[in-house]
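J.: Have a look at this one.
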Amino acid sequence: MGNFASEDRLTWFYFYTPDYAFWHQTLATSLSNDFHVYPIPIEKFNLNEKQGHHFKGVPIKIGLVISAIQSNLGKSIIFSDCTWSINKNNLTTFQNLVSSLDKKYDFVFADNHNGQEVNIGLILIHCNDRTLAFLQSIRDEFLPDCWDQQMVNQKLGLYESAILGWNTRLHLQSLKHNSDAPISWTCFPKELVHCTYDFNESFRSSFALFKAFIRPRDTIHNWNSRLMAVHRLGLITQRELNDNLKPVRFARILRVARILRLARSL
């Protein structure tokens, strides 16, 4: 570990709210020997927990990334959500890839689970006028019926898609493509940076970063589902799981217990 000299380490930004302190502490601890970790605490805000994506109509992340770029022009940074889990056995491989990609592209995104779009939960960013203008245009045109990741994909020209609802497609079609300042971008390989609903077991020996997607239901279900997903991969301990699971109604307790028994058997 720590194959970057201290002065060569990239700064890794992520944001979190007080109720996500567990994820903040876990990520900071996992990264602190290898990156300059820059957590951004923000006030808790209301997410769309049940209908569509939970960041629908919430432009907060775009504003935070813009501020990070403005403070680091000429440098490269990583910006992420706080809910990534780190497989330390393969973190050096990730570092080496980041080093090889540094400044070759304006953006390097996580590859979304469906292979048809980028995921903005993790981005290597070359902080320059192009990346700044690209995100400022999204902030300035932000649509209340969409979420930030949809708008990034539309700007990249990746959404001519039937996977979106009709109203969303109509809204996104009104966005201007950023043809005046074209950007260069690519994605991290999925076997190294993996974000998905159902973990691909063929990546178990290769992944360095994992983000568990959730099928939105309610706040407690969403929280517990993500915890149990990373516990199954051995990325948090049984005690960390037990200490951080949120209480559920009795009708759900038996179901959670069954899932926990299954997790222990893996």
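J.: Filter the range 1-36 for residues that are touching a Leu at 6+ places or on another chain (Cβ under 9 Å), open to solvent by less than 60 Å² (accessible area, probe 1.4 Å), at pLDDT 80 or above and not hydroxyl-bearing (Ser, Thr, Tyr) and give the result.
T.: If the condition is that a residue be touching a Leu at 6+ places or on another chain (Cβ under 9 Å), open to solvent by less than 60 Å² (accessible area, probe 1.4 Å), at pLDDT 80 or above and not hydroxyl-bearing (Ser, Thr, Tyr), then LEU10, TRP12, PHE13, PHE15, PHE22, LEU31, ASP34, PHE35 are the ones that fit.
J.: Same structure, new question: Of all residues being touching a helix residue (DSSP H, G or I) at 6+ places or on another chain (Cβ under 7 Å) and assigned to a loop (DSSP other than H, G, I, E, B) in the range 212-222, which is most open to solvent (accessible area, probe 1.4 Å)? Just the residue, please.
T.: PRO216
J.: Out of everything in the range 106-124 that is within 25 Å of ASN72 (Cβ to Cβ) and among the acidic types (Asp, Glu), what residue ends up being nearest to the chain's Cα centre (by Cα)?
T.: ASP111
J.: Let me ask something additional. Could we say that SER225 is assigned to a loop (DSSP other than H, G, I, E, B), modelled with pLDDT of 80 or more and among the hydroxyl-bearing types (Ser, Thr, Tyr) here?
T.: no
J.: Which is of a type in the set (A, V, I, L, M), farther than 27 Å from THR17 by Cβ and either at pLDDT 90 or above or surrounded by 16 or more Cβ atoms within 10 Å (Cβ to Cβ) (or both), of LEU192, LEU209?
T.: Just one listed residue meets the conditions, LEU192.
J.: A follow-up question, please. Which ones in the range 37-51 are open to solvent by less than 60 Å² (accessible area, probe 1.4 Å) and either among the acidic types (Asp, Glu) or at pLDDT below 90 (or both)? Give the derivation first.
T.: Applying the first criterion (open to solvent by less than 60 Å² (accessible area, probe 1.4 Å)) to the range 37-51 yields 37, 39-40, 42, 45, 47-49.
Matches in the range 37-51: PHE45, LEU47, ASN48, GLU49.
J.: Hey, among the residues in the range 89-115 that are within 22 Å of THR196 (Cβ to Cβ) and part of a helix (DSSP H, G or I), which one's most open to solvent (accessible area, probe 1.4 Å)?
T.: Of the range 89-115, the ones within 22 Å of THR196 (Cβ to Cβ) are 89-91, 93-94, 97-98, 101, 107-115.
Right, trim to part of a helix (DSSP H, G or I) and you get 89-91, 93-94, 97-98, 101.
Details: ASN89: 137, ASN90: 24, LEU91: 0, THR93: 76, PHE94: 1, LEU97: 44, VAL98: 1, LEU101: 26 Å².
Among those residues, the one meeting the criterion is ASN89.
J.: Among all residue pairs at least 6 apart or on different chains, which show Cβ distances below 6 Å where the first residue, located in the range 64-84, is farther than 20 Å from ASP129 by Cβ and the second is hydroxyl-bearing (Ser, Thr, Tyr) and in a loop (DSSP other than H, G, I, E, B)?
T.: Final answer for the pair search is none.
J.: With the requirement that a residue be open to solvent by 20 Å² or more (accessible area, probe 1.4 Å), part of a loop (DSSP other than H, G, I, E, B) and at pLDDT below 95, what does the range 52-71 give you?
T.: Across the range 52-71, the qualifying residues are GLY52, HIS53, HIS54, PHE55, GLY57, PRO59.
J.: Can you name the condition, by its number, that ASN167 falls short on among (1) outside any helix (DSSP H, G or I); (2) polar (S, T, N, Q); (3) open to solvent by 30 Å² or more (accessible area, probe 1.4 Å); (4) modelled with pLDDT under 95?
T.: (1)
J.: Which numbered condition in (1) assigned to a helix (DSSP H, G or I); (2) at pLDDT 95 or above is the only one that GLY74 fails?
T.: Just one mismatch for GLY74, condition (1).
J.: Looking at the range 248-256, is at least one residue at pLDDT below 95 and closer than 23 Å to CYS146 by Cα? Break it down into steps so the answer makes sense when it comes.
T.: Pass one, the range 248-256, residues at pLDDT below 95: 248-256.
The next check asks that each one be closer than 23 Å to CYS146 by Cα; those that pass are none.
Checked against the condition, which is being at pLDDT below 95 and closer than 23 Å to CYS146 by Cα, the range 248-256 yields no hits at all.
J.: Follow-up. Among residues belonging to the range 116-146 that are in contact with a Pro (Cβ under 9 Å, 6 or more places away or on another chain) and within 13 Å of ILE62 (Cα to Cα), point out the one that is least open to solvent (accessible area, probe 1.4 Å).
T.: Among residues in the range 116-146 that are in contact with a Pro (Cβ under 9 Å, 6 or more places away or on another chain) and within 13 Å of ILE62 (Cα to Cα), the one least open to solvent (accessible area, probe 1.4 Å) is ILE138.
The values are calculated or read from the model by the stated rules, or taken from the named source; none is laboratory data. All values reported here derive from a predicted model rather than from experimental measurement. Every residue, glycine as well, gets a Cβ built from its backbone with ideal geometry; the counts of neighbours run over all protein chains shown. Areas reflect the complete protein model, heavy atoms only, side chains present, ligands, DNA and RNA absent. Shrake-Rupley method; radii C 1.70, N 1.55, O 1.52, S 1.80 Å.
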